[in-house]
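Chemist: Sharing a structure with you now.
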Amino acid sequence: MVARRYAKALLGIGTREGRIEDIYQELVQVQSLFKEYPEFWKAVSLPIYPMKRRRNVLKSVLEKSDISNSIIRFFEILVEKDRIGLISTIFSTFQELADRAQNRVRGTLYAAEPMKDEDFEKVKKALSDYIEKELILEKDVDSSLIGGIKAQIGGIVIDGSVQGQLNRYREKLLTA
């Protein structure tokens, strides 16, 4: 997969420069620019514009946005190779690789109603200790839950909801 090679190259740059998290933040910033200014995205991504113009527009905008030279160069390469359309996939793959390299994982904690920050932090710490990794956790409300909480961390679901507990009791009764 082409996007994975670019993401690995970015991770290599980040590792070499000791700036993995900075590169992640810069990628977020560039993606925000593309979303906020669709004309900017069109100016650098559409092949109807001459390559030199696309590169110049990209460089001029990114330099004004305090993006590092290595990331500006990375985006210039994407434009030159007509790979700029892969940026979303490159970004998500980079995030996955960077998380793995830094022993962290991302997830979402669902609750039946909004959680207090202190409760959220306690649950986050407990889950982080349980999985033995740094946990970047978002919180969300899932009105389909009767009560309790459910966490989706990476590809794992930890179900502490009332419905989940009832389902487990039912399974035990059916297999007994």
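The values are calculated or read from the model by the stated rules, or taken from the named source; none is laboratory data. Bear in mind that the values here come from a model prediction, so they are computed numbers and not experimental data. Using ideal geometry, Cβ is built from the backbone for each residue, glycine included, and neighbour counts are taken over all protein chains shown.
One line per residue, one yes/no per condition, for (1) over 18 Å from the mean Cα position of the chain (by Cα); (2) closer than 30 Å to residue 145 by Cβ; (3) hydroxyl-bearing (Ser, Thr, Tyr):
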position: 38; (1), (2), (3): yes, no, no
position: 57; (1), (2), (3): yes, no, no
position: 67; (1), (2), (3): yes, no, no
position: 76; (1), (2), (3): yes, no, no
position: 88; (1), (2), (3): no, no, yes
position: 98; (1), (2), (3): no, no, no
position: 106; (1), (2), (3): no, yes, no
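Chemist: Does residue 158 satisfy the criteria of being among the β-branched types (Val, Ile, Thr), modelled with pLDDT under 90, closer than 26 Å to residue 15 by Cβ and surrounded by 13 or more Cβ atoms within 10 Å (Cβ to Cβ)?
Modeler: Details: among the β-branched types (Val, Ile, Thr): yes; modelled with pLDDT under 90: yes; closer than 26 Å to residue 15 by Cβ: no; surrounded by 13 or more Cβ atoms within 10 Å (Cβ to Cβ): yes.
No; evaluated as a whole, the condition is false for this residue.
Chemist: Can I ask one more? Contact list please: Cβ distance under 8 Å, first residue in the stretch 118-136 and within 14 Å of residue 99 (Cα to Cα), second residue part of a helix (DSSP H, G or I) and acidic (Asp, Glu), pairs at least six apart or on different chains.
Modeler: Pairs found: 136/99.
Chemist: Right, another one. Restricting attention to the stretch 90-134, which residues are acidic (Asp, Glu) and surrounded by fewer than 18 Cβ atoms within 10 Å (Cβ to Cβ)?
Modeler: First pass over the stretch 90-134, keeping only residues acidic (Asp, Glu): 96, 99, 113, 117-119, 121, 129, 132, 134.
The answer is 96, 113, 117, 118, 119, 121, 129, 132, 134.
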